[in-house]
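Laboratory data are not the source of any read-out in this text; all were calculated from the coordinates shown. Quick caveat: nothing in here was measured; it's all calculated off a predicted structure. Every residue, glycine among them, receives a Cβ derived from its backbone with ideal geometry; neighbour counts consider all protein chains shown.
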Amino acid sequence: MAVTWRTVLLLVCSNVFMTFAWYAHLKNLASKPWYVAAFVSWGIALFEYLLQVPANRIGYTVLTLPQLKIIQEVITLSVFVPFVVLYMRQPIKLDYLWASLCMMGAVYFIFRK
């Protein structure tokens, strides 16, 4: 598998863990003290880092740091929108489309020669 695709795959998996670590406690642990949510989130975030760190090390062999960052942001939005709609049961908004178009612009500018 190409280095860039391995990086993207690892970052997608990392972002799933990150999104749950950062936001799932708002739904699942709302009645618990904040420190319980923090410890649970840190436990989930460990798996995020076990994927994110290798992804960035692998990706940095063929991508620039700004390219890695833009890829990360696009993946974050791509994971976050389904999470908001499917898991958190919040309505999809047209603003997600506009944000996606802005991110596509960022990808264009950071990868153009």
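Test of understanding: what is the full-extension gain from LEU77 to VAL3, defined as 0.36 nm times their sequence separation minus their Cα-Cα distance?
24.5 nm
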If the reach is capped at under 25 angstrom between alpha carbons, list the lysines near LYS27, excluding any in the same chain fewer than eight residues apart. LYS93
With angles folded into 0 to 90 degrees, how steeply does helix 65-82 sit against the dominant principal axis of the chain? Use alpha carbons for both and round to 10. 40
CYS102/LYS69 FRET efficiency (R0 22 Å; Cβ-Cβ; nearest 0.05): 0.90
Which value, in debye to the nearest 20, describes the size of the charge dipole of segment 3-113 about its Cα centre when Lys and Arg Cβ atoms bear +1, Asp and Glu Cβ atoms bear -1, and nothing else is charged? 100
Identify, among LEU10, VAL62, TYR87, the residue whose Cα sits farthest towards the positive end of the charge dipole of segment 3-111, taking +1 on the Cβ of Lys and Arg and -1 on the Cβ of Asp and Glu, with the dipole about the Cα centre. TYR87
Degrees, to the nearest 10: 3-19 long Cα axis against longest axis of the chain: 20
Name the lysines eligible as straight-distance cross-link partners of LYS113: C-alpha to C-alpha under 18 Å, and not fewer than 8 places from it in the same chain. LYS69
Evaluate E = 1/(1 + (r/R0)^6) for ARG57 and PHE111, where r is the Cβ-Cβ distance and R0 equals 25 Å; express this FRET efficiency to the nearest 0.05. 0.80
